[in-house]
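What follows is one structure encoded as structure tokens, with my remarks underneath.
Derivation of every value follows stated rules applied to the coordinates shown; laboratory data play no part. The shown structure was predicted, so the numbers you read here are calculated from the model rather than taken from an experiment. Positions of Cβ are generated from backbone atoms using ideal geometry, with glycine treated the same way; all protein chains shown enter the neighbour counts.
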Ligand SMILES: Nc1ncnc2c1ncn2[C@@H]1O[C@H](COP(=O)(O)OP(=O)(O)OP(=O)(O)O)[C@@H](O)[C@H]1O
């Protein structure tokens, strides 16, 4: 298993304003890392640096792959195009589009315009669009924030199906511990701005334990919540 991303002592300032303070982390092939941090701690800035849209102040970020997919918080679909056509503009390959539509729960919605879709369905299209080009790294910037718990859990299960098929690496940011535990192999806890990496939890939950009522799931959720609360006077969740 090789590294797909290596971040070493990454620091980002906007003028004198320190946002990211010395982050180091490695993302391995097939690994799913979730960064858990409060609003405004620099998560989007980090993704912009990884994608090459922003330059770091100090430290290094190396990517060892050429295809990086990006799922934004808000689905950015073309409103005048159907679900199918929103996918087709990314990759004009009917077989692959049909396959992904099946895997990510969009069957029967292919010919609808985005305005006819619920928030959850729009986000499914958004994710399908990023996965269609088979990225080696998928960056997800709080993709489930405005969705109900049952919908986000169902989308995470579908992403897991895609992950089993293509074994890409995932880096997701969120402020929701349940989401982090459902998706991640590793949960990295970030502090308030200037954001530092405070702790890394390895998540070794089996398929059955990835269930919000499961005893081990609840134990880990409680352990991470306690850690986060002990680090900050502000409530994160
Ligand atoms: N181009 C910029 N110039 C100056 N300050 C910036 C710039 N981009 C971001 N910032 C500041 O850096 C901080 C981190 O922003 P960023 O968008 O990365 O946070 P975030 O963790 O993604 O926030 P949220 O969860 O609210 O989306 C914020 O205080 C923001 O105002």
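Numerical summary
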{"read-out": "Residue exposure sequence - 198, 35, 27 - by fewest surrounding Cβ within 10 Å", "value": "198, 27, 35"}
{"read-out": "Degrees, to the nearest 10: 119-132 long Cα axis against longest axis of the chain", "value": "90 degrees"}
{"read-out": "Burial ranking of peptide ranges 109-117, 82-90, 167-175 (average Cβ count within 10 Å, highest at the top)", "value": "167-175, 82-90, 109-117"}
{"read-out": "Relative contact order (percent, whole number), the chain, Cα cutoff 8 Å, 6+ residue spacing", "value": "26 percent"}
{"read-out": "The chain: angle of helix 149-166 to the longest principal axis, Cα-based, in degrees nearest 10", "value": "80 degrees"}
{"read-out": "Antiparallel content of DSSP bridges confined to segment 3-234, in %, to 5", "value": "50 percent"}
{"read-out": "The chain - convex hull of alpha carbons, volume per residue in Å³", "value": "129 Å³"}
{"read-out": "Computed helical MRE - 222 nm, the chain, DSSP H runs ≥ 4 contributing -39500 (n - 2.57), nearest 500", "value": "-10500 deg cm²/dmol"}
{"read-out": "Rounded Å value of the spacing that divides the Cα centres of segment 180-226 and segment 12-37", "value": "17 Å"}
{"read-out": "Proxy reagent accessibility, fewest Cβ within 10 Å first, across 54, 31, 107, 179", "value": "107, 54, 31, 179"}
{"read-out": "Cα pair distances of segment 145-237 binned at 10 Å [whole percent]", "value": "14, 48, 32, 6, 0"}
{"read-out": "Value of Rg to Rh for segment 1-64 (Rh from inverse mean 1/r over Cα pairs, i.e. Kirkwood)", "value": "0.96"}
